[in-house]
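Encoded as structure tokens, the structure appears first; notes follow it.
The values are calculated or read from the model by the stated rules, or taken from the named source; none is laboratory data. Quick caveat: nothing in here was measured; it's all calculated off a predicted structure. Note: ideal-geometry Cβ built from the backbone for every residue, glycine included; neighbour counts use all protein chains shown. Please note that ligands, DNA and RNA were not included when accessible areas were found on the heavy atoms of the full protein model with its side chains. Shrake-Rupley method; radii C 1.70, N 1.55, O 1.52, S 1.80 Å.
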Amino acid sequence: MNAIALFGARMAHKFSYISLVSRKLCDWSFDGYKSDDNGFQHIEEPIKKLYKISGADSFDYEYGDEDPYSKGSWFFENVKFDAARVLDVLRQDGPGFDAKAGLCELHLRVSGLLVKEVLKRILRNINDDNKMRCAKLGYKFFVWSSQQENYRHTVNIYHLIMKIFADCEEFKAMWRLLDEMVENGFPTTARTFNILICTCCGAGLGRRVVERFIKSKAFNYRPFKHSYNAILHSLLAVGEYKLIEWVHQQMLIEHHYPDTLTFNILMCAKYRLNKLHDVHRLLDEMARSGLSPDLYTYNILLHVLGKGNKPLPALKLLSHMKEVSVNPSNLHFTTLIDGLSHAGNLDACKYFFDEMIKSGYLPDVVCYTVMITGYVVAGEFEKAQELFNEMIERGQLPNVYTYNSMIRGLCMAQRFEEARSMLKEMESRGCNPNFRVYKTLVRNLRNAGKLSEAHGVIKEMTKKGHYVHRLKVQGI
């Protein structure tokens with residue numbers, strides 16, 4: 001098959017085997033560069049959520065075998081108090097003071113929750129100046145606690161200290177810890193893999209991590225069909241698309257055949273790498289394997305048709321979905337509208353926006369924000385304002401990205417006082433501005449020669465302690 005433009009002409013016999021490819025919703029550039037954190041769900045996000053494997057940074061709900069709420073808030077408060085005492089002792093570690101002896105003198109009841117709380121606090125406090133010391137103190141407490149009576153580390157605690165090593169760039173220590181974890185009989189899970197792959201890819205060691213996990217007999221890959229899908233899924237989560245290609249080749253060598261999830265992830269990677277010919281080849285291969293499309297299949301096709309400015313084939317696809325009892329959802333319409341918005345076809349966006357409502361789906365905040373952003377980028381702020389008012393009337397509360405688009409639009413329209421008022425409005429509604437909101441407002445005020453107003457925004461920003469560390473880095 002040729003380029004993506006051929007989708008429209010060959011749609012009728014392609015429906016049975018199109019699968020998921022990915023991109024971000026509303027990936028607009030407001031400041032001359034591509035946004036790397038626009039806050040919208042990825043189109044690949046449904047695949048990630050299909051199997052609820054948490055990311056390497058999400059430790060908040062890991063209590064091991066201890067749930068603080070089952071013992072009452074008083075217990076959790078005692079743990080926090082003891083954690084503070086532990087950290088006071090660890091901070092004194094150095095020549096003339098043995099932290100391990102100091103910890104013993106505290107006569108603590110060591111629990112999984114206490115160890116977790118201490119390690120989390122160390123993890124949160126890592127910065128460029130204290131990396132080596134944080135790694136040392138974290139590991140010292142990790143070893144000391146493992147030696148205490150009636151306590152044994154869990155796999156979650158291993159993950160926490162491994163994450164500390166990762167953030168401190170202690171790669172050798174991280175690998176040694178992995179060996180120790182395996183020797184002690186703990187399974188290596190998708191979380192273990194995520195921590196390692198996130199860290200090692202940046203150091204050029206990604207393939208080494210993948211090779212180890214492919215060969216590992218201790219890799220616990222539930223709920224996936226096989227370990228290759230678990231690895232591919234994790235690589236998708238961290239955006240290692242080239243490694244996905246390599247793992248696929250190893251998978252075929254070992255005679256593991258792709259299922260629908262595998263094809264979806266592979267197509268995500270090929271699309272991200274702009275290898276459209278390979279995407280089409282995989283579509284054909286999927287059909288020959290007798291695999292049927294899923295919801296994500298139609299989702300990506302709608303995006304591709306939208307971005308290719310093909311509203312008529314998209315309409316036919318929506319009709320086909322209903323014929324095969326796959327009712328288009330809010331996500332499908334939003335995906336299509338987003339693609340059409342990128343193509344600059346705002347009339348088609350409005351048509352499908354209205355069709356979504358006629359089909360019984362109320363636009364959510366993401367859909368409204370896609371529409372609003374499209375109008376702002378096209379310089380049609382009045383239409384953006386109408387939709388903004390409409391979404392509030394319909395009970396959809398704007399999020400930080402909606403407000404950022406609106407503030408950008410007001411600045412483009414030279415309505416700076418209203419833009420500053422909207423900043424205050426979002427704060428009054430409990431929606432905390434992110435750095436991009438401040439940056440949008442400050443840059444536009446400066447570009448308009450309103451230096452005192454820009455300084456006022458920075459002053460408020462500094463007063464509230466918001467993103468002060470990023471001011472100089474971003475040239476603000």
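Most tightly packed first, judged by the mean number of other beta-carbon atoms within 10 Å of their residues, the peptides 299-312, 387-400, 276-289 read 299-312, 276-289, 387-400. Decide, for the range 371-428, between rounded, prolate and oblate: order the square roots of the alpha carbon gyration tensor eigenvalues as a ≥ b ≥ c, take rounded if a/c falls under 1.5, and otherwise choose prolate if a/b is larger than b/c, else oblate. Verdict is oblate for the range 371-428. Compared with the direct C-alpha span, the chain from ASP129 to ALA101 gains 7.4 nm at full extension, assuming 0.36 nm per residue.
The magnitude of the dipole of the range 126-203, with charges of +1 and -1 set on the Cβ of Lys/Arg and Asp/Glu and taken from the Cα centre, is near 80 debye.
What are the equivalent ellipsoid semi-axes of the range 367-474, built from the alpha-carbon gyration tensor (square roots of five times its eigenvalues), in whole angstrom, biggest first?
Square roots of five times the eigenvalues give 23, 16, 11 Å.
Taking amide hydrogens as placed 1.01 Å from N in the peptide plane, the amide H of THR189 sits under 5 Å from those of ASN220, each at least 5 positions away in sequence or on another chain.
Rounded to the nearest 0.05, what FRET efficiency is calculated for HIS255 and ARG109 with R0 set to 60 Å and r the Cβ-Cβ distance? That pair, HIS255 with ARG109, gives E of 0.70.
Seen from every direction in turn and averaged, the convex hull around the alpha carbons of the range 314-435 projects onto 7.8 nm². Stokes-Einstein diffusion of the range 93-208 at 25 °C, 0.890 mPa s viscosity, Kirkwood radius from Cα pairs, rounded to a whole number: 165 µm²/s. Counting only protein heavy atoms and a probe of 1.4 Å, the accessible surface of the range 239-367 is 52% carbon and sulfur. The shape of the range 83-152 comes out oblate: with a ≥ b ≥ c from the C-alpha gyration tensor, a/c is at least 1.5 while a/b does not beat b/c. Mind running the shape call on the range 244-388? Use the C-alpha gyration tensor, a ≥ b ≥ c as the square roots of the eigenvalues: rounded below 1.5 for a/c, prolate if a/b tops b/c, oblate otherwise. Taking the square roots of the gyration eigenvalues as a ≥ b ≥ c, the range 244-388 is prolate. Residue ranges 327-336, 101-110 sort as 327-336, 101-110 when ordered by packing (mean number of other C-beta atoms within 10 Å per residue, highest first).
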